[in-house]
Amino acid sequence: MCYSVYIATNQKLEEGSFVPNETDIFFSKISDAEEVHLRSKFSKENIYYVGSDTNCSCGLALDSSDFENPEEEINKKSSAKFIEFLQETTLIESVQCYCCWEGDEGADIENYKDINIQKISFKKNYFSLEENVCITFIKTYEPKLRNEIVKILQENEQGSLLKAIKFLRNKTKSGLMDARIYVEYLAIDLKKSE
């Protein structure tokens, strides 16, 4: 049985298809039948199936503990391209991702996760594919803007979280959810480092 990985974005992606010995990663629009089961899992407009060098989504599965294993070398190409895509895209918007077994698109979501892809190391903590899990790869921002938000949060006055969210939205025209999630993650990181 194969994994099926789906992502959702507001922007339209370049669609492709599997070409043996050439494809590392490709995106294809979902079918009408898949749309029936997947639409309710995503809030973003465009939903795509993510294929890999295996033609299915299985090539995206890699456990970081296997990174140094020479037998896994061939399995790194698609995972690396997927991380690269996510790192580039989350500079523009958050990306929603759902994984299931092929044919199980209608299964209920069992868990939700938010991940900052900029903090993912291919060698140390690559996220693994988990069926029936919905991941939001949060939107990230330039370091200068991040530092300005950190200063607001470090004021530690009542309402500084809300002030930081408003600041971010005004500076970037970000949606409320993207701004809220990002600022909350920064606040958590700051508390951990205290």
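Okay, here's what the table says:
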item	result
Gyration tensor over alpha-carbon atoms, segment 106-191, equivalent ellipsoid semi-axes in Å	27, 15, 12
At least 15 Å along the helix axis (C-alpha) and Kyte average at least 1.0, DSSP helices within the chain	none
Taking N as its residue count, the alpha carbon Rg of the chain over 2.2 N^0.38 Å	1.10
Carbon and sulfur %, accessible surface of the chain computed with the full protein complex present, 1.4 Å	48 percent
For segment 84-138, convex hull volume per residue from C-alpha positions, Å³	87 Å³
Point-to-point label distance, residue 107-residue 34, nm (Cα→Cβ direction, 7 Å offset)	1.6 nm
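The values are calculated or read from the model by the stated rules, or taken from the named source; none is laboratory data. Nothing here was measured: the structure is a model prediction, and the numbers come from that model. Here Cβ is always computed from backbone atoms with ideal geometry, including for glycine, and neighbour counts include all displayed protein chains. The accessibility values were calculated without ligands, DNA or RNA, using every heavy atom of the protein model including side chains. Shrake-Rupley method; radii C 1.70, N 1.55, O 1.52, S 1.80 Å.
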